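These notes concern the structure reproduced below.
The values are calculated or read from the model by the stated rules, or taken from the named source; none is laboratory data. As the structure is a prediction and not an experimental result, all values here were calculated from the model. Note that we place each Cβ from the backbone using ideal geometry, even for glycine, and neighbour counts take in every protein chain shown.
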Amino acid sequence: MKNPGTNTQPVADNATNLPFTQIRKRDGRLVAFDAQNISSAILKAGRASGEFNEAVAEKLTIRVLSLAQMALSENIPTVEQIQDLVEEVLLSSSFKQTAKAYILYRDQHARNREMIQKADLDLMDSYLNRLDWEVRENSNMDYSLQGLNNYVSSKISRGCGIIVNVTPFEPGWEGKAVLEISNTTPLPAKVYAGEGLAQVLFFESDTACKTSYADRKGKYQNQSDITLPTT
């Protein structure tokens, strides 16, 4: 007998009845609408509250799709509109703790996006002009692009709780990469398996590096284990 908790066909069937096939992201891009993203988000909230499993998440997703079919029949919906429908379905269900978890999840992500949008330019100016005492006093990170990345990310993520610092991935660096993960709040932080925690961006320069990390004899060069910071 097939496990009803893993059967995704009803969700797919309901998605084909929708008057739209695309969804508008927050940056304005149009992408293909995937009902399984809704099911996944509801399931994560259900697991966080401990109220239900995959089978119930699928049924709730079908309710969201039915509501979308009636309420969003004219234009391509936005991510926020779909999330509003998910919130409405959860609030009208008996799973109140899950509804609360989903609302808190949305609020946290909204505040994170707002912090990032407001902070980027001011933080870069602060770093480049060395206006912040943390820039002057931090002896663990060289004054460089890597230092800028760590400074900006730590400032932004401070309000979120989780901070990730990485080995200086600069031109000429070689060694074992190390991630430092810390929770800067007095509250517990929950990290889910299979979800991203950090990302590394590599930028290609138009010109060759004049002074590499190896030339500067950085303390993390050729590290084979965890190198403790200088205090």
Given the condition basic (Lys, Arg), modelled with pLDDT under 55 and not assigned by TED's automatic domain parsing to the domain that holds residue 223, answer yes or no: does some residue in segment 120-135 qualify? yes
Residues that are out of contact with any strand residue (DSSP E or B) (no Cβ under 7 Å at 6 or more places or on another chain) and within 16 Å of residue 175 (Cβ to Cβ), drawn from segment 202-222: 212, 213, 214, 215, 216, 217, 218, 219
Being modelled with pLDDT under 85, surrounded by fewer than 16 Cβ atoms within 10 Å (Cβ to Cβ) and assigned to a helix (DSSP H, G or I): is that true of residue 12 here? yes
Take residue 99 and decide whether it is aliphatic (A, V, I, L, M), in a helix (DSSP H, G or I) and more than 23 Å from residue 162 (Cα to Cα). yes
All but one of (1) within 20 Å of the chain's Cα centre (by Cα); (2) modelled with pLDDT under 90; (3) among the polar types (S, T, N, Q) hold for residue 6; which doesn't? (1)
Residue that is nearest to residue 43 (Cα to Cα) [pool: residues in segment 174-231 that are exposed (fewer than 12 other Cβ atoms within 10 Å of the Cβ) and in contact with a Ser or Thr (Cβ under 9 Å, 6 or more places away or on another chain)]: 179
Considering residues that are without any contact (Cβ under 8 Å) to a residue 12 or more places away in the chain, under 20 Å from residue 50 (Cα atoms) and not small (Gly, Ala, Ser), the number found within segment 60-106 is 3
